[in-house]
1. Using the crude model of +1 on Lys and Arg Cβ and -1 on Asp and Glu Cβ, and no other charge, please compute the dipole size for the chain relative to its Cα centre, in debye to 20.
2. Once the Cα atoms of helix 2-12 and of the chain are each reduced to a long axis, what angle between those two axes, in degrees from 0 to 90 to the nearest 10, is obtained?
3. Between 0 and 90 degrees, rounded to the nearest ten: what's the tilt of helix 33-53 against the longest Cα principal axis of the chain?
4. Could you work out [θ]222 nm for the chain from helices alone, using -39500 (n - 2.57) per DSSP H run of at least four and dividing by all its residues? Round to the nearest 500 deg cm²/dmol.
5. Expressed as an acute angle from 0 to 90° and rounded to the nearest 10, what is the orientation of the C-alpha long axis of helix 78-93 relative to the principal long axis of the chain?
6. Is the C-alpha gyration tensor of the stretch 32-122 telling us rounded, prolate or oblate? Criteria: a/c under 1.5 is rounded; beyond that, a/b larger than b/c is prolate, otherwise oblate.
7. Using 7 Å Cα-to-Cβ label points, what is the Leu103/Val11 separation (nm, one decimal)?
8. Can you list which of the trypsin sites (Lys or Arg not before Pro) found in the stretch 47-105 are DSSP loop residues with at most 15 other C-beta atoms within 10 Å?
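Coordinate-derived values only; no laboratory data. As the structure is a computational prediction, the values presented were derived from the model and not from experiment. Here the Cβ positions follow ideal geometry from the backbone for every residue, glycine too, while neighbour counts run over all protein chains shown.
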Amino acid sequence: MLYESLLLLGVLSLTFMVPQLILGMGFNIALPGWTLMAHIFIVLGAYFIWYWSHGGQTLAMQTWKIQLTTASGEPPSMVRLLTRYALTWPSLIYFGVGLIWALFDRDRQFLHDRLAGTRLVFKQA
């Protein structure tokens, strides 16, 4: 997660911070907080869902050879990917309860994976 966070810093710098700086400094426009949060939600959603739908791995997941699949090993459908992304937010925001869940889950799955019908597996080389 730390490595993924570092990569996301670069993604957000390019797709969030730069446009906001241009709007603020170039046009003296300050967007309301809810718009900024929606912008982050959409940018991160586009990043994760695009990578998950094209091989089941983000850049960090490729490094660690982790892949997102369904319980049967198939690539997840777009509905499952959108569900997983939406459920990841409360899983993290509420003190990481969805991550802590994996410590007690019989299959060591995160709560958002359990609910979305997805799982993380180590990819065979």
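1. So the dipole magnitude of the chain works out to roughly 220 debye.
2. Tilt of helix 2-12: around 30 degrees.
3. Helix 33-53 sits roughly 40 degrees off the main axis of the chain.
4. One gets -17000 deg cm²/dmol as the mean residue ellipticity at 222 nm.
5. Tilt relative to the chain: about 70 degrees.
6. In terms of gyration-tensor shape, oblate.
7. 2.7 nm
8. Sites meeting the loop and neighbour criteria: Lys65.
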